[in-house]
Amino acid sequence: MAITANHATSSRDRTKTEWREFKVDLWLTDLNTTELGIMKHTQHQAASHQFTKDMEIIGQVKEGRERTGILAFRKDLWKDEDGMKRRLVIKQFNENMSWRGSMELLMGRSLQLSLGARGVPVPAYSVNLARHDQLVQLERSAQKWTLFPEKFSFFIETSQGPRFYRLRRNVIGIGADYTLYDDQSRKVGSLDHRIVNLGGSWKVKVDKAQSYAKLEMVLQIFCAMLRYNGSARRHVKRELEQLCRGRAVRQLDSHERDLYTNPRHH
């Protein structure tokens, strides 16, 4: 009997999922060792043209004790702009401040989807990854019932073809926890929100067999977006109401307009 039990345990061990783990920490304020001082900010701008004057560092990505990424957002664009020009733009850099990826709230696309969903706010984001030709479209799903858990979906083009994903907010729990599923509804990852950190902290796990750098990058920037998720959703809802009442200023940010430009147009 003991041999049979040991054999069963061994079989379970062989099929046990191995996880890639990393942590996304967001700071409550900008008083952190990464950005202290005007000189440091100037050095960041010199290191990458993507680090613009209005960038504010808001967090980091860590694997174990090693910091592997720095997260920042365009503060003026989010805090000072109004209407359709007000957009959330989050960027990630490596330790040398070289740009690795961006996530941008698309107001035109968001309003289009929200209008089609008859008023349900559907924020839509474009994710631009370094050395990746595709602009990854990550969008909130329109929910018919208010109490249904929030979902987002996206796909990533790979050498083996497109890989499709959905992120579903967990029903049980007080934090912003999400589960990552593939297109066969298999759980391939989780985003565990740690509310002990007032700025926001997520422990992320991805199935090692399913993980790759571009997917991990999307999840890391997605965690940073969750800090603004509620306010972004309310912003889209308010703009849709203004649009439907004929009060909206119909003007998109110039950088967003570029993202809609036909690449075949000459």
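For every residue, the table says whether it meets (1) under 28 Å from L115 (Cα atoms); (2) at pLDDT below 95; (3) aliphatic (A, V, I, L, M).
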residue	(1), (2), (3)
T179	yes, no, no
S185	no, no, no
L191	no, no, yes
R194	no, yes, no
L198	no, yes, yes
S211	no, no, no
L226	yes, no, yes
E241	yes, no, no
R247	yes, no, no
message: I'd like the full set of residues that are over 21 Å from the mean Cα position of the chain (by Cα) and either in a helix (DSSP H, G or I) or surrounded by 13 or more Cβ atoms within 10 Å (Cβ to Cβ) (or both), limited to segment 243-259.
response: L243, C244, A248, L252, S254
- prompt: Yes or no: R264 open to solvent by 20 Å² or more (accessible area, probe 1.4 Å), in contact with a strand residue (DSSP E or B) (Cβ under 8 Å, 6 or more places away or on another chain) and modelled with pLDDT under 95?
  reply: no
field: Per-region count, segment 161-177, residues closer than 20 Å to M225 by Cβ, at pLDDT below 95 and of a type in the set (A, V, I, L, M, F, W, C)
entry: 2
- prompt: Wholly within segment 64-134, which strands (runs of 3 or more DSSP E) include no fewer than the required count, namely at least 2 residues that are out of contact with any Ser or Thr (no Cβ under 7 Å at 6 or more places or on another chain) and surrounded by fewer than 19 Cβ atoms within 10 Å (Cβ to Cβ)?
  reply: 66-74
field: Members of segment 151-172 that are surrounded by 12 or more Cβ atoms within 10 Å (Cβ to Cβ) and more than 14 Å from the chain's Cα centre (by Cα)
entry: E157, T158, R163, F164, N170
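The values are calculated or read from the model by the stated rules, or taken from the named source; none is laboratory data. Bear in mind the structure is a predicted one, so any value in this text is a computation, not a measurement. For neighbour counting, all protein chains shown are included, and Cβ atoms are generated from backbone atoms with ideal geometry for every residue, glycine included. All accessible areas refer to the heavy atoms of the entire protein, side chains included, with ligands and DNA or RNA removed. Shrake-Rupley method; radii C 1.70, N 1.55, O 1.52, S 1.80 Å.
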